[in-house]
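Undergrad: Quick one: the structure is below, questions incoming.
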Ligand SMILES: *Cc1c(COP(=O)(O)O)cnc(C)c1O
């Protein structure tokens with residue numbers, strides 16, 4: 001037996017690593033990235049700005065400037081606190097680290113896989129409530145789960161990944177007001193929808209929001225934020241590793257995230273393309289297409305695995321979710337550029353025409 005096999009916690013040995021598929025030379029429509037890169041004009045300005053980064057120094061500890069940039073970008077009221085993370089994944093981990101031994105984390109299923117994974121890494125108990133057939137949270141089932149498990153943390157993605165829908169607002173409010181748990185609403189896709197719980201933080205002291213710049217064009221920066229009362233942020237901040245936001249991210253974000261008009265224009269293109277892609281998928285009779293409030297679309301497709309492979313063979317990578325509960329035969333496609341979406345649709349149409357012959 002190898003050294004590490006003897007040495008490692010047995011529960012870690014059982015976990016399979018977060019899988020990132022090879023995507024070289026493929027149209028990448030699997031990970032909710034923005035398809036838009038920086039314009040040439042912006043790139044030139046960005047590079048002159050980047051020269052000022054002092055790589056020999058630790059990054060600024062205060063993060064005040066970046067904080068301000070994000071507050072302006074996302075209209076965060078000044079009375080709320082903001083905690084920055086190396087992606088919102090790091091903030092999920094930080095929240096788990098704030099829990100006690102034996103605490104339970106509750107979420108819904110299917111949802112974002114990192115809630116469960118990070119809970120396991122940090123040796124907490126994980127419980128999930130199965131969503132209904134139309135991907136809603138059942139109020140009674142959730143209330144029962146809260147009573148049974150007495151969770152310390154509840155994660156809810158709003159809109160949900162990978163289903164793309166928004167849960168009923170009243171059901172979420174019921175959860176927040178009926179539990180002593182910290183309720184974390186993960187608004188990774190806030191830009192692609194109209195509702196948000198941002199201002200509700202003033203009403204509910206146990207409400208915490210997560211956001212990220214990953215889904216609005218800057219997945220490579222690795223920058224997420226936690227928004228909560230200033231009190232909550234001050235305490236959680238003790239768990240943040242010093243200098244967790246590196247200087248290249250800080251300098252880049254301070255410049256690039258000021259470009260609110262460009263960011264919003266790109267979001268508008270994605271929203272228009274989401275509608276076009278949705279309509280095109282609905283026209284393919286054999287598919288069941290789920291409405292989305294995010295920058296991806298979930299759909300149920302016969303011969304799921306063969307279609308997934310056929311897309312790959314034709315240079316398009318999407319996400320195969322067909323083994324997950326409630327997601328039998330489901331695939332998820334991230335909205336791309338008009339050209340990428342058209343390529344994707346053409347391949348799917350061709351696949352079902354070939355199938356019929
Ligand atoms: C993509 C995603 C994240 C991860 O965000 P990062 O900031 O890139 O770590 C978090 N939550 C949900 C629901 C997501 O879909």
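Undergrad: Here are some conditions: (1) modelled with pLDDT of 95 or more; (2) more than 24 Å from the chain's Cα centre (by Cα); (3) more than 25 Å from residue 115 (Cβ to Cβ). Residue 71 meets all but one. Which one does it not meet?
TA: Unmet condition: (2).
Undergrad: Now for a different question. How many residues, within region 80-95, are near the ligand (Cβ under 10 Å from one of its atoms) and over 16 Å from residue 154 (Cα atoms)?
TA: Total satisfying the criteria: 4.
Undergrad: Here is a follow-up. Going by what's in this entry, would residue 185 be described as closer than 18 Å to residue 72 by Cα, assigned to a strand (DSSP E or B) and without any contact (Cβ under 8 Å) to a residue 40 or more places away in the chain? First the steps, then the outcome.
TA: On the way: closer than 18 Å to residue 72 by Cα: no; assigned to a strand (DSSP E or B): yes; without any contact (Cβ under 8 Å) to a residue 40 or more places away in the chain: yes.
Considered against the rule, which asks whether it is closer than 18 Å to residue 72 by Cα, assigned to a strand (DSSP E or B) and without any contact (Cβ under 8 Å) to a residue 40 or more places away in the chain, residue 185 comes out as no.
Undergrad: For region 236-257, does any single residue satisfy the condition of being under 16 Å from residue 334 (Cα atoms) and within 16 Å of the ligand (Cβ to nearest atom)? Give the derivation first.
TA: We begin by selecting, within region 236-257, every residue under 16 Å from residue 334 (Cα atoms); these are none.
Among the residues of region 236-257, not one is under 16 Å from residue 334 (Cα atoms) and within 16 Å of the ligand (Cβ to nearest atom), which makes the answer no.
Undergrad: Here's something else I'd like to know. Residues in region 341-348: is at least one over 23 Å from residue 18 (Cβ atoms) and at pLDDT below 95? Lay out the reasoning, then the answer.
TA: Within region 341-348, the subset over 23 Å from residue 18 (Cβ atoms) is 341-348.
Checking which are at pLDDT below 95 leaves us with none.
The answer is no, given that none of the residues of region 341-348 is over 23 Å from residue 18 (Cβ atoms) and at pLDDT below 95.
Undergrad: Let me ask something else about it. Mind checking which residues of region 193-216 are within 12 Å of the ligand (Cβ to nearest atom) and either within 20 Å of residue 77 (Cα to Cα) or in a loop (DSSP other than H, G, I, E, B) (or both)?
TA: Keep residues of region 193-216 that are within 12 Å of the ligand (Cβ to nearest atom), which gives 209-216.
Once the filter is applied, which keeps residues that are within 12 Å of the ligand (Cβ to nearest atom) and either within 20 Å of residue 77 (Cα to Cα) or in a loop (DSSP other than H, G, I, E, B) (or both), region 193-216 yields 209, 210, 211, 212, 213.
Undergrad: If you don't mind, there's one more thing I want to ask. Does residue 140 satisfy the criteria of being surrounded by fewer than 16 Cβ atoms within 10 Å (Cβ to Cβ), more than 27 Å from residue 253 (Cβ to Cβ) and either within 11 Å of the ligand (Cβ to nearest atom) or without any contact (Cβ under 8 Å) to a residue 40 or more places away in the chain (or both)?
TA: For residue 140, the condition - surrounded by fewer than 16 Cβ atoms within 10 Å (Cβ to Cβ), more than 27 Å from residue 253 (Cβ to Cβ) and either within 11 Å of the ligand (Cβ to nearest atom) or without any contact (Cβ under 8 Å) to a residue 40 or more places away in the chain (or both) - is met.
Undergrad: Next question. Could you please tell me which pairs satisfy a Cβ distance under 6 Å, a separation of 6+ or placement on different chains, a first residue in region 188-202 that is at negative phi and without any contact (Cβ under 8 Å) to a residue 60 or more places away in the chain, and a second residue that is in a helix (DSSP H, G or I) and within 14 Å of the ligand (Cβ to nearest atom)?
TA: Close Cβ pairs satisfying both conditions: 196/190.
Undergrad: Working only within region 228-276, note down all residues that are in contact (Cβ under 8 Å) with a residue 24 or more places away in the chain and not in a helix (DSSP H, G or I).
TA: 228, 229, 240, 242, 243, 244, 245, 246, 257, 258, 259
Undergrad: Could you check, for region 149-171, whether at least one of its residues is part of a helix (DSSP H, G or I), under 19 Å from residue 325 (Cβ atoms) and in the same structural domain as residue 70 (by TED's automatic domain parsing)?
TA: As a first pass, look at region 149-171 and keep what is part of a helix (DSSP H, G or I): 149, 169-171.
With under 19 Å from residue 325 (Cβ atoms) added as a condition, the list becomes 149.
Still in the list and also in the same structural domain as residue 70 (by TED's automatic domain parsing): 149.
Within region 149-171 (the criterion being part of a helix (DSSP H, G or I), under 19 Å from residue 325 (Cβ atoms) and in the same structural domain as residue 70 (by TED's automatic domain parsing)), the answer is yes, since at least one residue qualifies.
Undergrad: Scanning for something more than 22 Å from the chain's Cα centre (by Cα) and away from the ligand (no atom under 14 Å from the Cβ), does region 102-120 turn up at least one residue? Show your work before the answer.
TA: Restricting attention to region 102-120, the residues satisfying the condition of being more than 22 Å from the chain's Cα centre (by Cα) are 102-103.
Filter once more, keeping what is away from the ligand (no atom under 14 Å from the Cβ): 102-103.
Within region 102-120 (the criterion being more than 22 Å from the chain's Cα centre (by Cα) and away from the ligand (no atom under 14 Å from the Cβ)), the answer is yes, since at least one residue qualifies.
Undergrad: Follow-up. Give region 6-32 a look and list any residue that's surrounded by 11 or more Cβ atoms within 10 Å (Cβ to Cβ), more than 19 Å from residue 308 (Cα to Cα) and within 15 Å of the ligand (Cβ to nearest atom), or say none.
TA: none
Undergrad: How many of the residues in region 304-324 are part of a loop (DSSP other than H, G, I, E, B) and touching a residue at least 24 places away in the same chain (Cβ under 8 Å)? Explain how you work it out, then say what you get.
TA: At the first step, the residues of region 304-324 found to be part of a loop (DSSP other than H, G, I, E, B) are 314-315, 318, 321-324.
Subset that is touching a residue at least 24 places away in the same chain (Cβ under 8 Å): 314-315, 318, 321, 324.
Within region 304-324, residues that are part of a loop (DSSP other than H, G, I, E, B) and touching a residue at least 24 places away in the same chain (Cβ under 8 Å) number 5.
Undergrad: Within region 277-303, restricting attention to residues that are within 16 Å of the ligand (Cβ to nearest atom) and in a strand (DSSP E or B), which residue is nearest to the chain's Cα centre (by Cα)?
TA: Selected residue: 296.
Undergrad: When you scan region 1-17, do you find a residue that is in contact (Cβ under 8 Å) with a residue 60 or more places away in the chain and within 20 Å of the chain's Cα centre (by Cα), even just one?
TA: Of the residues in region 1-17, the ones in contact (Cβ under 8 Å) with a residue 60 or more places away in the chain are 11-12, 15.
Now drop any that are not within 20 Å of the chain's Cα centre (by Cα), which leaves none.
Within region 1-17, not a single residue is in contact (Cβ under 8 Å) with a residue 60 or more places away in the chain and within 20 Å of the chain's Cα centre (by Cα).
The values are calculated or read from the model by the stated rules, or taken from the named source; none is laboratory data. What you see is a predicted model, and the numbers here were worked out from it, not measured in a lab. For neighbour counting, all protein chains shown are included, and Cβ atoms are generated from backbone atoms with ideal geometry for every residue, glycine included.
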